[in-house]
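The values are calculated or read from the model by the stated rules, or taken from the named source; none is laboratory data. Remember, it's a predicted structure, so these values are computed and weren't measured experimentally. Note that we place each Cβ from the backbone using ideal geometry, even for glycine, and neighbour counts take in every protein chain shown.
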Amino acid sequence: MHSDTKKPARIERISLQQNKGAVPIPVAEAPCVAGQGLRGDRHFGTGDGTLSFLGVETEALLPGLAAEGLCVARFSANVLTRGLDYKHLAAGTRFYAGGILFEVARAGKRCFMECRHFAARGPCALAGGCAFARPLSSGVLHRGDAVVLV
């Protein structure tokens, strides 16, 4: 009998960036507040508290794009996941990370016309390998937490 042995998606890394341009600081856990974001991150309390999520599968492709890609050097994800297929996410998709409910505000990173990679080859891996999601509930995110689509 065949059984599905696929492991659930997991949080691999959580990072906080205190100021624009600062090096993101990896943390083992971070408090997340509904509608506010990650406490300690520069985006906390601004707008709708959206967090950026990126798959390790996409992150592995980024070093090769650094010379041409405009976003690659600028983009810093709050949450790095393993096993979540971002290509199947759309605005409005809900998922739990740990015990926190999130809703995707935007799937993928927008491309810029002035990006050399976009002009020469079209969208890079960030266009379909990341998402921006707002927390609908509060709690603490931990490295290793499961990520489950609702």
Qualifying position, being under 22 Å from Cys32 (Cα atoms), modelled with pLDDT of 90 or more and surrounded by 15 or more Cβ atoms within 10 Å (Cβ to Cβ), among Ala97, Ala91, Ala77: Ala97
Residue count, segment 76-108 (criterion: among the basic types (Lys, Arg) and closer than 16 Å to Ala146 by Cβ): 2
In segment 132-145, residue farthest from Ala107 (Cα to Cα) [restricted to those that are within 14 Å of the chain's Cα centre (by Cα) and in a strand (DSSP E or B)]: Leu141
